[in-house]
Every structure is written in C-alpha cells, then in structure tokens.
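Visitor: Before I ask anything, here is the structure I am working with.
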Amino acid sequence: MNRIALTFDRLKAENRKALIPYVTTGYPHADITPALMHGMVQAGADVIELGVPFSDPSADGSTIQQAGEQALRAGIGLPQVLANVHTFRQQDTTTPVVLMGYANPIERYDQLRRPNAFVEDAAAAGVDGVLVVDYPPEECEAFAAQLRQHGLDLIFLLAPTSTDARIQQIAAIASGYVYYVSIKGVTGSKTLDVAQVQQMLERIRQHVAIPVGVGFGIRDAQTAQSIAQTADAVVIGSKIIELLKDQPAEAAIAAAQEFLRGIRAAIDGDAP
C-alpha cells in the first residue's frame, strides 16, 4: 500500500476529507518548491499535486499557463521537477506527491534517456502518483502497468460530460483516486454548481471504488466545505497560483499557508 492509499485510509478512519493543493513546480521562484510544499503540509495539505511545466497545456486556464511559462523560462523541466520531489522527500517521507502534466515531457524524458526512465526515476525520487491530462485510458495500459510495477498510481480526470461507459473504462485502470473536473472548461474559469457536482459524484461512485477528488473551480472556504460534504478530496490550484504571483519567497509561502488553513478549517467543519 503506497502513501496515497494510506493517506485516504487514515482520513476515512478519522471521518475527514483530503485537502489537495496544486502548485506549479518552480513558481513563483525556481528554488521555492520544496519549501512551499513543506509549508502547505504544515497548513493542512494531505496530498500535493505538483505541476510539470509544459509549453502547450490543454486543460489549464491563463493563471496556470502563465505560471508554467514563467517556470519554463527559469529552466524548470521534468528533471528539475523530480529533483524537487527528491529534496522534499529528504524531510517528508509521508505526504503523497502526485505529478500533474502532459504526455510530451514524459515521452521526451524517456527518449533522451532510456525506455521507462520516467517511471523508474519518478519512483526513485519519491513520487506517488501521476496524472497525465492527455493520456486517455485506452492508450496507456502499458504505462499504467509500469507505474503499478513501481508502486505508483495512475490518476485520471472525469468530466461533467463523461458517460457511464467512460467512467467504467477509467474505473478499470485508475488507482489512487480519480479527479472529477467540476466545470466544463479549463482550470479557474468558472464558478462551479455544487448541486450538479453532488449528482455527478453519485453517478461516478456507481462505478468507481477508489476515492473521488473534485477540483477546477474551488476558490473559497464556503465552496470547499460544500464540496467536502460529498467528495473524498478537495483540489485547489488556480487560486493558490494567484496568491503566489509576484510575491517574494517567504511572503508566497505565508500566503499559501494562510489560505490553506482557512480551507482546512472549512472542510473539517471548524470554520467560524
């Protein structure tokens, strides 16, 4: 059982929901990421989704696109992402880390090194799961098998437009958790409909046995609290990236922590 399963099992036993913040590696400063990750854990994060900067993201709104572009200009690619995870693991051996990104950097990483290099190096660095936005389930069975062989989970997105057949297809190969995209569009683009999310989660759970996280549109404590009543995890990205923009390192970490503490209190039912 890897860190993701252990974390969700612990939270279930405590009758609590997971808080999963997303940050882009190397943003807003090339060397900030390990310290930012530690700060978010201290503020109540249960799992960290770490974005792999990519020049042509298809699912990210302008906020995360701009963060990725800045990180790329600072020299942050997949090798640097894995190095940041390795640095984080020197002090934190329990918090799950999920890499979120696109197929191109992974395939290029293997081309420049050896077959299966990414999976092997990600496992060695301390990665627990991978979410590849543009890997559909019917095209990545071999990749999923490689990840499982090294103890890593393959996490998939589900959308409001997902059919029952598609949900079943993803349920057959996904592990760790599935990520329900709560809006039709890119990250940070709209206000989500909580009632619609709750209805969709009921459909998803008819087919999916692993935990279900919800993201894309959660920007405040009230919405997070509403989503946590039904979902197993609350995922927040764009709002955190906005808080980090143009901040010096210490102020950026403090801003992320203050925001996440409010979200943590809300989903735990402790908010005023």
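Visitor: Which of the trypsin sites (Lys or Arg not before Pro) found in the range 104-159 are loop residues per DSSP with 16 or fewer other Cβ atoms within 10 Å of their Cβ?
Guide: 113
Visitor: With viscosity set to 0.692 mPa s and temperature to 37 °C, compute the Stokes-Einstein D of the range 42-85, Rh being the Kirkwood radius across alpha carbon pairs; µm²/s, no decimals.
Guide: It comes out at roughly 285 µm²/s.
Visitor: Local charge sum around residue 95 (other residues, Cβ-Cβ under 10 Å, Lys/Arg +1, Asp/Glu -1)?
Guide: Here the count lands on -1.
Visitor: Restrict the search to the range 165-270; then list the trypsin sites (Lys or Arg not before Pro) that DSSP places in a loop and that have at most 15 other Cβ atoms within 10 Å of their Cβ. Walk me through the numbers on the way to the answer.
Guide: Values: sites: 166, 184, 190, 203, 205, 219, 239, 245, 261, 264; in loops: 184, 190, 219, 245.
When the trypsin sites (Lys or Arg not before Pro) of the range 165-270 are filtered for loop state and at most 15 Cβ neighbours within 10 Å, 184, 190, 245 remain.
Visitor: Between the range 130-165 and the range 218-272, what is the C-alpha centre distance in whole Å?
Guide: Here the answer is 26 Å between Cα centres.
Visitor: Using 10 Å bins from zero, what percent of all Cα-Cα pairs in the chain falls into each bin?
Guide: 7, 32, 40, 19, 2, 0
Visitor: Gaussian network model of the chain, Cα springs within a sub-10 Å range: biggest mean-square fluctuation belongs to which of 176, 262, 129?
Guide: Maximum fluctuation in the GNM of the chain, among the listed residues, is at 262.
Visitor: Between residue 245 and residue 229, what is 0.36 nm times their sequence separation minus the Cα-Cα distance? Round to one decimal in nm. Please list the in-between numbers first.
Guide: Working: separation 16, 0.36 × 16 = 5.76 nm, distance 3.05 nm.
Working it through step by step, the gained length comes to 2.7 nm.
Visitor: Put a dot 7 Å past each Cα toward the Cβ at residue 31 and residue 150; how far apart are the dots in nm?
Guide: 2.8 nm
Visitor: Note down the relative contact order for the range 142-272 as a percent, whole number, built from C-alpha pairs under 8 angstrom at least six residues apart.
Guide: Values: 179 pairs, mean separation 26.0, N = 131.
Reported relative contact order: 20 percent.
Visitor: Taking 37 °C and 0.692 mPa s as the conditions, I'd like the Stokes-Einstein D for the range 183-269 in µm²/s, using the Kirkwood hydrodynamic radius from alpha carbon pairs. List each step's numbers first, then the result.
Guide: Values: Rh = 13.8 Å.
It comes out at roughly 237 µm²/s.
Just so you know, all these numbers are worked out from the coordinates, no wet-lab data involved. Just so we're clear, the structure is a prediction, and the values are computed from it rather than from any experiment. All Cβ positions, glycine included, derive from the backbone under ideal geometry; neighbour counts span all protein chains shown.
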